[in-house]
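S.K.: If you scroll down you'll find the structure; I have some questions about it.
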Amino acid sequence: MELSEEELRLLEQMERALVEEDPKFASTLRGTSFQRTARRRMILGGVILALGIGLLVLAVLLDLSAVLQTVIGVAGFVVMLGGAVLALTSARSPAAPAKVRSSGRSGLGVVDGGRMHRPHRPGRQRNGSPFMERVEERWRRRRERGL
C-alpha cells in the first residue's frame, strides 16, 4: 500500500527528528552494523575456504610421505569445509536482521519482521489428500481423456 505525499512528508520529519534525538538508535534501526558483521563473516569464510583449497593443492603438489600428504589433505578439507560453513551461515543466519525498506532520504526504513515464507499461490489449492491420492487422481483423469 502506497503512502500519500502528506504521510511520506510526516514520516521523513519523524525520521529526521529521531536521528537528531538519538543517532545511535537510528543507526541500529538502519541495520548497518549487523549487515557489516555478516559481510565480514562472509569474507572471512571465503578467505578460510581459499586457505583450505590451498592446503589441498599443497598436499597434492609436495612430494611428501603418504601419511603426511594425507594429514595435510584432510586438514585442508576440514579448513575448507569450515570456511564454507562460516560463509554460508553468515549469509542465511536466523539471527540476521530483518530486511529494511527505506522510506526516504534519511536512510531509515520500516523493518519487515513478518514470517519468512513463500506467498500463497492462489491458483493452487490443496484438498488435504495425500500425495499419492492426488497422483492417482491425475492419472485416472488422463486415462479417461485418452492421453
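S.K.: Of the residues that make up the range 61-73, is at least one exposed (fewer than 11 other Cβ atoms within 10 Å of the Cβ), modelled with pLDDT under 90 and hydroxyl-bearing (Ser, Thr, Tyr)?
M.R.: yes
Conditions (1) exposed (fewer than 15 other Cβ atoms within 10 Å of the Cβ); (2) modelled with pLDDT of 90 or more; (3) touching a strand residue (DSSP E or B) at 6+ places or on another chain (Cβ under 8 Å); (4) of a type outside the set (Val, Ile, Thr), marked per residue:
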{"site": "Arg16", "(1), (2), (3), (4)": "no, no, no, yes"}
{"site": "Arg39", "(1), (2), (3), (4)": "yes, no, no, yes"}
{"site": "Met42", "(1), (2), (3), (4)": "no, yes, no, yes"}
{"site": "Gly46", "(1), (2), (3), (4)": "yes, yes, no, yes"}
{"site": "Leu56", "(1), (2), (3), (4)": "no, yes, no, yes"}
{"site": "Thr89", "(1), (2), (3), (4)": "no, no, no, no"}
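The values are calculated or read from the model by the stated rules, or taken from the named source; none is laboratory data. Predicted model only: the values in this text are computed from it and were never measured. Note that we place each Cβ from the backbone using ideal geometry, even for glycine, and neighbour counts take in every protein chain shown.
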